[in-house]
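Please treat every number below as a calculation from the coordinates, not as lab data. Every value quoted in this text rests on a predicted model; they were computed, and no experiment measured them. Cβ: placed from backbone, ideal geometry, glycine included. Neighbour counts: every protein chain shown.
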Amino acid sequence: MSQFLPPDFDRTATVGLIAGRGVYPRLIAEKALAAGIDMRLIAFEGEAAQETIDVFPEDKRQIINVGRVGSWLKALRTFGCKYTIAAGQVKPGKLFRDLKPDFKATALLVKLKRKNAHTIFGAIANELAANGQTALDARCFLDDQMATPGLMTKAYEKVEDTYIQHGIEIATEMARLDIGQGVVVRKGTVLAVEAFEGTDPMLKRAGGFKADQLVFVKTVKRQQDYRFDVPVFGLRTLEIMAEHRIGTAVLKAGSVIMVEKEKILATAAKKKIQLIGF
């Protein structure tokens, strides 16, 4: 069903989808259900799209605030889930405002000396294991949506390979330092680095320079935890690139999910934006 499933995956077991923002969770749900997987939904209140929620009947879904960790662990037990898949973003500001952490979330956060995506989600994975669930690779069922090596579109802009390699090196180092997973470079100069605000605001900042031959590079950490932290390249990002005249995106093959890939490739052709996998 998917190269990203563990070899001993029990296809008769129930999978809990923990869903945040965007199209990504809905896409996983549709593909998993089409493959005959028994799935339930834990939708983050105010984050998960109604289109994702509507995929599931009322008795197979619960809508819970992201900070109520104890509540969604209980829901997973009630649904009898053996596995979980976490997909979709949470608004960055939600981690500072309106989190409404319950006792379980508060206790989890207090134990962490360093609070970042890796430590927080690693702790949540431990809680899931203790709760009886195995967290799956969040690329599961999306094999046909991954970035692939080489040119994925026509070559619309001439950019020297030296400059692309420079962007890859900078993005790799930023990911290693856990700052972010994306950068924008131009002819050996770093124009913008992704941090907590996310990819799209970074692209807008870079576009403010109004320069040519801008290259956006999206990569992953060397020890990427694909259970909770999978980089996504979507139509919204492509539209922002076009709006700000960023003509090249370089994506880590096999790691970056191109959500609704067919639409992305068609839109990239229309906007004359070249997509390259490395």
**Item:** With at most 16 neighbouring Cβ atoms within 10 Å, loop trypsin sites (Lys or Arg not before Pro) (DSSP) excluded, longest segment of the chain
**Value:** 12-96
**Prompt:** What's the center-to-center distance, using Cα atoms, between region 237-278 and region 17-43 in Å?
**Reply:** 24
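Given Cα pairs under 8 Å that are at least 6 residues apart, what percent is the relative contact order of the chain? Could you put the intermediate results ahead of the total?
On the way: 529 pairs, mean separation 50.8, N = 278.
RCO, the chain: 18 percent.
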**Prompt:** Which of the lysines could a cross-linker bridge to Lys221, judged by Cα under 20 Å and excluding same-chain residues fewer than eight apart?
**Reply:** Lys115, Lys252
**Request:** Using Cα positions and a limit of under 17 Å, work out the aspartates and glutamates in reach of Lys187, with same-chain residues fewer than 8 apart set aside.
**Result:** Glu157, Glu160, Asp161, Glu169, Asp212
**Message:** Please compute the modelled spin-label separation between Arg236 and Gln213, points set 7 Å along Cα→Cβ, answer in nm with one decimal.
**Reply:** 3.2
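Loop only per DSSP, at most 16 neighbouring Cβ atoms within 10 Å: give me the chymotrypsin sites (Phe, Trp or Tyr not before Pro) in region 105-202, ordered by residue number. Kindly include the intermediate steps, with their values, before the conclusion.
Details: sites: Phe121, Phe141, Tyr156, Tyr163, Phe196; in loops: Phe141, Tyr156, Phe196.
Sites meeting the loop and neighbour criteria: Tyr156, Phe196.
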**Prompt:** Which of the following values of percent of Cα pairs over 29 Å apart was calculated from the structure shown: (i) 29; (ii) 55; (iii) 34?
**Reply:** (iii)
**Fill in**
Note to self, the chain gives a 222 nm [θ] from helices alone (DSSP H runs n ≥ 4, -39500 (n - 2.57) apiece, / all residues, nearest 500) of -10000 deg cm²/dmol
**Asked** By how many nm would the segment from Ala269 to Arg77 grow when fully extended, if each residue of separation counts as 0.36 nm and the alpha-carbon distance is taken off?
**Response** 64.6 nm
**Derived scalar couplings ³J(HN,Hα) [region 135-150; Karplus, 6.51 cos²θ - 1.76 cosθ + 1.60; whole Hz; x for Gly, Pro]** = 7, 8, 4, 6, 8, 3, 6, 10, 3, 7, 10, 7, 4, 10, x, x
**Prompt:** Once amide H atoms are built 1.01 Å from N in the peptide plane, which residues 5 or more positions from Met146, or in another chain, come under 5 Å H to H?
**Reply:** Met258
